[in-house]
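Just below is one structure, and these are the notes that go with it.
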Amino acid sequence: MSPLIEITDGGLYDPEVILIDVRAGADAHQRYLAGHLPHAIFATLDDDLASKPTDPAYGGRHPLPALEDFAATLTRWGVTPHSHVIVYDDKFAAMGGARLWWMLRAIGHKNVQVLNGGLKAAIDAGIELSTDDYQPKPTAGYPVPAEYKGMADIKEVANAAESVARMVIDVRENARYLGRIEPLDLVAGHIPGAINLFYAKNLGEDGKYLSPEELAELYQDTIGDIKPEDVIVHCGSGVTACHTLLGMASADITEPKLYVGSWSEWSRRGMPIATENK
């Protein structure tokens, strides 16, 4: 199954499909009610795809929910291990859509896709949006997974950043990577040894992902001969990094890891920090 699905794909409207609309921000529910795909379940980044951070120095600003909590959320949404789940958001998958895709894949859920272009693709295609508050039907309990697979912790990231055989990719915008600005975290800069590949480079002018061939070329130019399983991707808090992991999967690069804590954890732990000036 391709990790991306187009708005023109008839399978998107299969009544057996579980469609999930992920929003972020204080006005998330209001934006959802202003227009979403019919029968799309409302989800939020902060409430459904992350736990409340007690200390961002340990887990970052968007730590993953406990496995039993995520299983309970999937149960509430009516998702079973065999469900075909399609996810989208209103930020071209960068603020929750790709994160939910990654989380499902990380617990072994195979039948999950992301709508290429997100809500904008639906609007551009003339899809009539719904303004109802769609309520899913809960199902039997989703089994609590054993683990989230495909993660790297801060120690592994530190070792990888110092190794010529491994690579750490920072997908934040270049100004944040260079330490010129830092709108969200306490310290500006980047992990020494990490390279910068802004996640928006995954997209074309229409807000959709580049073709698998174009994405493969982009990532190949970045990682060179390094094996995909030796690549770790991070961002500010483990959300937009999933956008690049989704793009990599679309290009059939399937083994890179996610550093969930990302810069929000690293910058609070007294770890070394690099900027354009040092």
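Any read-out appearing in this document is the output of simple, stated calculations on the displayed coordinates, not a laboratory observation. What you see is a predicted model; the values in this text were computed from it and never measured. Reconstructed Cβ throughout: ideal geometry from the backbone, glycine too, with neighbour counts over all protein chains shown.
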* Asked: Which listed residue (GLY270, SER2, ALA26) has the Cα farthest towards the positive end of the charge dipole for the chain, taking +1 on Lys and Arg C-beta and -1 on Asp and Glu C-beta about the Cα centre?
  -> GLY270
* Among the listed pairs LYS91/LYS208; LYS227/LYS257; LYS91/LYS149; LYS91/LYS201, which are separated by more than 19 Å between their Cα atoms? -> LYS91/LYS149
* Charged-residue dipole, Cβ positions (Lys, Arg, Asp, Glu), region 154-266 about Cα centre, Debye nearest 20 -> 360
* To do: Subtracting the Cα-Cα distance from 0.36 nm times the residue separation, let me have the gained length for ASP124 to LYS155 in nm, one decimal.
  => 6.7 nm
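Return the percentage of antiparallel bridges among DSSP beta bridges fully within the chain, rounded to the nearest 5 %. Each step should come with its number before you reach the end.
Working: 3 of 27 bridges.
If I count the DSSP bridges inside the chain, around 10 percent turn out antiparallel.
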* **Volume of the Cα convex hull of region 4-124, divided per residue and given in Å³** => 101
* Structure fact -> Between [x] 18.2, 55; [y] 24.6, 80; [z] 26.9, 97, the structure-derived Rg and Dmax of the Cα atoms in Å is [x]
* With each pseudo-label sitting 7 Å past Cα toward Cβ, what's the ILE226-TYR134 distance in nm, one decimal? -> 3.9
* To do: Go through THR254, MET151, ALA40 and say which Cα lies farthest out towards the positive end of the charge dipole of the chain; charges sit on Cβ, +1 for Lys and Arg, -1 for Asp and Glu.
  => MET151
* So what's the net charge close to SER264: Lys and Arg +1, Asp and Glu -1, counting the other residues with Cβ under 12 Å from its Cβ? -> +1
* **region 53-131 shape via C-alpha gyration tensor axes, a/c threshold 1.5** => oblate
* Packing-based order for 208-218, 99-109, 40-50, using average beta carbon neighbours within 10 Å, highest first -> 99-109, 40-50, 208-218
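Once the other residues with Cβ under 10 Å from the Cβ of PRO38 are scored (Lys, Arg +1; Asp, Glu -1), what is the net sum? Walk me through the numbers on the way to the answer.
Values: positive: none; negative: GLU128, ASP132.
Its environment carries a net charge of -2.
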* To do: Over region 154-266, consider all pairs of different Cα atoms and compute the Kirkwood hydrodynamic radius from their mean reciprocal separation; express it in Å, one decimal.
  => 14.0
* Asked: Roughly speaking, what is the stretch gain from GLU162 to THR254, that is 0.36 nm per residue apart minus the C-alpha to C-alpha distance, in nm to one decimal?
  -> 30.8 nm
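When the dipole is taken about the Cα centre of region 4-124, and only Lys, Arg (+1) and Asp, Glu (-1) are charged at their Cβ, what size is it in debye, to the nearest 20? Don't jump to the answer; show the numbers that get you there.
Working: 10 positive and 15 negative charges, 44 e Å.
In debye, rounded to 20, region 4-124 gives about 220.
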* Using a simple spin-label model with points 7 Å from Cα along the Cα→Cβ vector, what separation in nm is obtained for ALA34 and ASN196? -> 3.1
* Please work out the C-alpha center-to-center distance from region 192-217 to region 1-75 and express it in whole Å. => 22
* **Simple Cβ-charge dipole of the chain, Lys/Arg +1 and Asp/Glu -1, about Cα centre, in debye nearest 20** => 700
* To do: Quickly rank 113-124, 148-159 as a protection proxy: mean count of other C-beta atoms within 10 Å, highest first.
  => 113-124, 148-159
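Could you please report the charge total around ALA50, scoring K, R as +1 and D, E as -1 over all other residues with beta-carbon less than 12 angstrom from its beta-carbon?
Details: positive: LYS52, ARG61, ARG99; negative: ASP46, ASP47, ASP48, ASP69.
Local net charge: -1.
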